[in-house]
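FYI, it's all coordinate maths here, none of it is from the lab. Note that the structure is predicted; figures quoted are calculated from it, not measured. Glycine gets a Cβ as well: all are built from the backbone with ideal geometry, and neighbour counts include every protein chain shown.
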Amino acid sequence: MQPEIRKIEETKLIGKYLRMSFANDRTFELWRSFMPHKKEIRNVVSTDMYSVQVFDSIPDYSNFIPAIEFNKWAALAVDNHERIPDGMHSHNLSGGLYAVFLYKGLPADATPTFIYIYTQWLPSSDYELDNREHFQVMGPKYSNTDPSSEEELWIPIRLKTGK
C-alpha cells in the first residue's frame, strides 16, 4: 500500500470535538452528537466529512501508549468561520505535506492499516511524522456499515533530516 504525497493549504472546519484516547475511544459518542446537527453548518464547501485527531505532541508509535489523550473532531470544511452553530466550534486544519492512503473496508477494521502505516511504511520512507493534525476524509464512498467503504487517511509528514 503506497500513499499519494500531497501538499494542502490550511482548511477551515466547523464541528464538534471530544477529548479522548485510544484506550478510552469516544468516537461513536462524538459522531452521534455531530451527525444530527451537521445540516446546521451553512457555509460548507464540500459534503466530505472530516475526522481529525489533534495530538498535544508528535505521537511515538514505536512506543505506543494507548492512554495518551488527544482532541478528536467530527467536522465539515467551510469557507469561513463567521456562522458557527450553537454547540459547535471552529478549527483551522494546518496546511502542509501529507501522506494520503486510500483505505477500503469497514472503518472498525482499519487498525491493521494504521499499524502498517506507522510501523512499516513510515520508518522505511523518506519521511517522518510532523506535529500537525492526523485526519480522515469520508467522502461519497464512505459508509460505516459497508465492507466496500472508502476513506482517505491523511498522515502529516516532513522529509527526514538529511533527505
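Per-residue 3J(HN,Hα) values for segment 17-33, derived from phi via the Karplus relation 6.51 cos²θ - 1.76 cosθ + 1.60 with θ = phi - 60°, read 9, 9, 7, 7, 9, 5, 6, 10, 6, 10, 4, 4, 4, 4, 5, 5, 6 Hz in sequence order (x marks Gly and Pro).
When only Cα pairs below 8 angstrom with a gap of at least 6 residues are kept, segment 26-163 shows a relative contact order of 30 percent. Residue separation of Asp60 and Arg26 scaled by 0.36 nm, minus their Cα-Cα distance, works out to 10.1 nm of gained length.
Amide H to amide H distances under 5 Å link Phe22 with Ile68, where only residues 5 or more positions off or on other chains count and H is placed in the peptide plane.
Taking trypsin sites (Lys or Arg not before Pro) across segment 1-61, the ones in a DSSP loop with at most 16 further Cβ atoms lying within 10 angstrom of their Cβ are Arg26, Arg42. Per-residue ellipticity at 222 nm from helix content only, as computed over the chain with -39500 (n - 2.57) for each DSSP H run of at least four residues, stands at -2000 deg cm²/dmol. Shown for segment 1-77: lysine pairs separated by 8 or more places, or found on different chains, whose C-alpha atoms are under 17 Å apart, numbering 7.
For a modelled paramagnetic label at Asn43, 7 Å from Cα along Cα-to-Cβ, the residues of segment 74-92 in reach, with backbone nitrogen under 12 Å, are 78-85, 90-91. In order along segment 84-97, the phi-based Karplus estimate (6.51 cos²θ - 1.76 cosθ + 1.60, θ = phi - 60°) of 3J(HN,Hα) comes to 9, x, 4, x, 10, 9, 9, 8, 9, 6, 4, x, x, 8 Hz; Gly and Pro are listed as x. Size of segment 4-159 from its Cα atoms: along the principal axes, largest to smallest, the extents are 43, 31, 29 Å.
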